[in-house]
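Asks: Submitted below is the structure of interest, expressed as structure tokens.
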Amino acid sequence: MRNLSGQFRALLVAAALGVAAAGPAAHAADAAIPATPEAGSFKLGIEPWLGYGQWHVAQAKGMFKANGLADVQIVNFSEDKDLGAALASGQLDAANVATHTAMGMVAAGLPIKIVMMLDVSMTADAMIAGKGITSIKDIKGKQVAFEEGTTSDILLKYALARNGMSVADIEPVPMPAADAGSALIAGRVPVAVTYEPYLTTAKAQNKDVTSIFTASEDPGLISDVLVVRDEVIKARPGQVLAMVKAWDAALAAYNANTPDGRAIISKAVGSSVEDLNTAFDGVRYYSLAENKKALTGDFATKTFADVEAAAKNAKLLQADVTAEQMIDPDFVKAAQ
């Protein structure tokens, strides 16, 4: 979910070679999207991240069947590389991935499209610092703990670039995101980049720790999307449309009874609501209306380029990709 390893890229290249030969699939706009989903199962790859949680709400509350999908199979994975290989080999119809991961998949030759934004991190990913450090400019020459090749890496490189700086202006201290906050509290580093629940833990242990930069500075920079294989978009667009509608129905139910929704999601990802509450608070789920605006607006015209640049800067992306190449907004348009 939060990084794209070299092994993952190699697997994608190998698997994508087998499906790319068939040529690009027709864009959804080439034909009307049927209101009734096609027969057959729909297999969705997922990892234990709360940002994908509305699928669990949809499953628990029967929203797949309510939208005409008789058989939605949510397939769980613990690692990006396994999910990516399953998607590339056709074992999955769609998958939930970080935006920068989707870019890496397309750059590796995997024919997929982003059909919907799922969530964006607002304050759930952040750079934190101790007393006396209040801005990005203040971290020049200082040690910064972060996990390389992850969303923390992307956020750090973006924050530096936005302030006219680069990684050469700091002293990188690579370590797992789970340890970065602890290193700050222990005084081993003055600055750390991490995400929830580690942010809340660090602040609870030291009242002088504050956020000096969060993902909310560019909503969508740290985000998750639903990607669907081109072959499925061409052959079963009605199913894709129904999935998009089910997400929106689940989100409406979640907003109407948030404690109930959080309980469902927490159980599905194997944690407690108490442990995840701050993470929930730092994440924003995207509705259909917000999707339509984003996929045809700021996300496509600005944020996409920001994610691409940050991913390249973090060495998570080795080739150019474009919003036009990757984003298919027709399903969120049709669902409304």
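The values are calculated or read from the model by the stated rules, or taken from the named source; none is laboratory data. Quantities reported herein were computed from a predicted structural model and do not represent experimental measurements. Methodologically, a virtual Cβ is constructed for each residue, glycine included, from the backbone with ideal geometry; neighbour enumeration extends over all protein chains shown. We work out accessible area using only protein heavy atoms, side chains counted, and drop any ligands, DNA or RNA first. Shrake-Rupley method; radii C 1.70, N 1.55, O 1.52, S 1.80 Å.
Asks: For the stretch 151-189, give me each residue that is of a type outside the set (A, V, I, L, M, F, W, C), open to solvent by 40 Å² or more (accessible area, probe 1.4 Å) and touching a strand residue (DSSP E or B) at 6+ places or on another chain (Cβ under 8 Å).
Replies: E171, P172, P174, D179, R188
Asks: Okay, moving on. (1) open to solvent by less than 20 Å² (accessible area, probe 1.4 Å); (2) modelled with pLDDT of 95 or more; (3) outside any loop (DSSP other than H, G, I, E, B); (4) within 28 Å of L110 (Cα to Cα): which one isn't true of A250, the others all being true?
Replies: (4) is the only condition that A250 fails.
Asks: Can we say V240 is open to solvent by less than 10 Å² (accessible area, probe 1.4 Å) and under 21 Å from the mean Cα position of the chain (by Cα)?
Replies: Working: open to solvent by less than 10 Å² (accessible area, probe 1.4 Å): yes; under 21 Å from the mean Cα position of the chain (by Cα): yes.
When the stated conditions are applied, V240 passes them.
Asks: Quick one: which of A314, A305 is out of contact with any strand residue (DSSP E or B) (no Cβ under 8 Å at 6 or more places or on another chain), within 28 Å of A108 (Cβ to Cβ), hydrophobic (A, V, I, L, M, F, W, C) and free of Cβ contacts under 8 Å to residues at least 40 places away in the same chain?
Replies: Working: A314 fails: free of Cβ contacts under 8 Å to residues at least 40 places away in the same chain.
Criteria check complete, one pass: A305.
Asks: What are the residue pairs meeting all of these: first residue in the stretch 210-237, first residue at positive phi, second residue hydrophobic (A, V, I, L, M, F, W, C), Cβ atoms under 6 Å, and 6 or more apart or on different chains?
Replies: Cβ pairs passing all conditions: G220/V120; G220/F299.
Asks: For the condition without any contact (Cβ under 8 Å) to a residue 12 or more places away in the chain and among the polar types (S, T, N, Q), what is the one hit in S272, S266, S287? Even if it seems obvious, please write down each step before you answer.
Replies: Details: S266 fails: without any contact (Cβ under 8 Å) to a residue 12 or more places away in the chain; S287 fails: without any contact (Cβ under 8 Å) to a residue 12 or more places away in the chain.
Only one candidate passes the filter, namely S272.
Asks: Same structure, new question: Identify, please: which residue in the stretch 190-215 is modelled with pLDDT under 95 and among the small types (G, A, S) and is, among those, most open to solvent (accessible area, probe 1.4 Å)?
Replies: Of everything passing the filter in the stretch 190-215, A204 is most open to solvent (accessible area, probe 1.4 Å).
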